[in-house]
1. Tell me, in nm to one decimal, what length is gained between ILE38 and LYS2 on full extension, where the rule is 0.36 nm per residue of separation less the Cα-Cα distance?
2. In Å, the Kirkwood hydrodynamic radius of region 39-101 over pairs of distinct alpha carbons?
3. Expected output is a single nm value to one decimal: the length gained when fully extending between LYS150 and GLU126, i.e. 0.36 nm times separation in residues minus the C-alpha distance. What is it?
4. Over what distance in Å are the Cα centres of region 177-226 and region 77-140 separated?
5. Putting +1 on Lys and Arg Cβ atoms and -1 on Asp and Glu Cβ atoms, find which of THR214, TYR238, HIS227 reaches farthest to the positive end of the dipole of region 198-247.
6. Given region 1-118, report the % of alpha carbon pairs whose separation exceeds 18 Å.
7. Treating only the Cα positions of region 129-195 as identical point scatterers, give the base-10 log of I(q)/I(0) from the Debye formula at each q in 0.23 Å⁻¹.
8. Within the set LYS85/LYS161; LYS141/LYS161; LYS85/LYS127; LYS127/LYS161, which residue pairs have Cα atoms separated by over 23 Å?
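Taken together, the values in this text are just the output of simple stated rules run on the coordinates, not laboratory data. Since the structure is predicted, the reported quantities are computational estimates derived from the model, not experimental observations. Heads up, the Cβs are rebuilt from the backbone with ideal geometry, glycines too, and the neighbour counts pull from every protein chain shown.
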Amino acid sequence: MKAYEQTLNLLKTLSLRGVASGLDEMINDAEVRKQSYITFLNTVFQAEISYRIKRRVERNMVGAHFPVLKKVDQFDFGRVKGIGKSEIVNLLDCHWIDNRENVLFFGPPGVGKTHLSIALGVNAVEKGYKVCFERVTNLIKLLKTAEIQKASEYRINRIIKADMIIIDEIGYTPIEKREANLFFSLVSETYEKASIVITSNKSFDSWAEMMGDTVMTSAMLDRLLHHARVFTLDGESYRITNQKKEV
Ligand code: ADP
Ligand code: MG
């Protein structure tokens, strides 16, 4: 067997796909630049590491379950009150995730709460964090079925282990007391272990009514607000304004 084929086989056996995919180029490069053995080895190992990081980010992007991909630079800050571009740009360094801080977006429909939460999530995945996105209705469905459905249990385990959990659309549908308790348990369990990002069209005062339990709701808000940045957005709905333009 030729040495080159042997190398390819060895790479396959060791599952070094990053090296395998860039091998020809790295060898050519080393010959042209007359690299030392050690420089060449470093290039080879670095190629594998970069490949694995890229693959992990791709897997985490899929595993986050973002409904669509949104970016901060697609967001027009001039259209919404209650938040400045610099405040969001400051969050892109992800220190708040390292510190397990939460971010809460409040405001009427269409002002960009979901957009901004996804944009923060996508940025975090790109930087190597694990993120999970769920609408609260689906999250509750998962919590209710986790004991009887493997897929739900699997998803909940991933959510609990995530660095950042985005819970979208709290407030559109009432939550039964039992469901609210499951939700509360999740918030408790991930308290100071993960960053939680929440979007809601209802202010805190209405949460107790929505969840049917004042004591539990205030305990939950206590945890969510402990280390949190709260943004209360306002403005005309982007959806409606764009529709008007099209008409
Ligand atoms: P909310 O979650 O507050 O109801 P969304 O984030 O879902 O609103 O926004 C509705 C749509 O309008 C999305 O497609 C979003 O990308 C877009 N959008 C909202 N606000 C802005 C904005 N200020 N600049 C750019 N796009 C926006
Ligand atoms: Mg939304």
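1. 10.6 nm
2. Working: mean 1/r = 0.0660 Å⁻¹.
Evaluated on region 39-101, it is 15.2 Å.
3. Numbers: separation 24, 0.36 × 24 = 8.64 nm, distance 2.84 nm.
Difference between extended and current length: 5.8 nm.
4. After rounding, the separation between the Cα centres reads 17 Å.
5. Result: TYR238.
6. Numbers: 4724 of 6903 pairs.
Result for the distance tail: 68 percent.
7. -1.04
8. Values: LYS85/LYS161 30 Å; LYS141/LYS161 18 Å; LYS85/LYS127 20 Å; LYS127/LYS161 17 Å.
Beyond 23 Å between Cα atoms: LYS85/LYS161.
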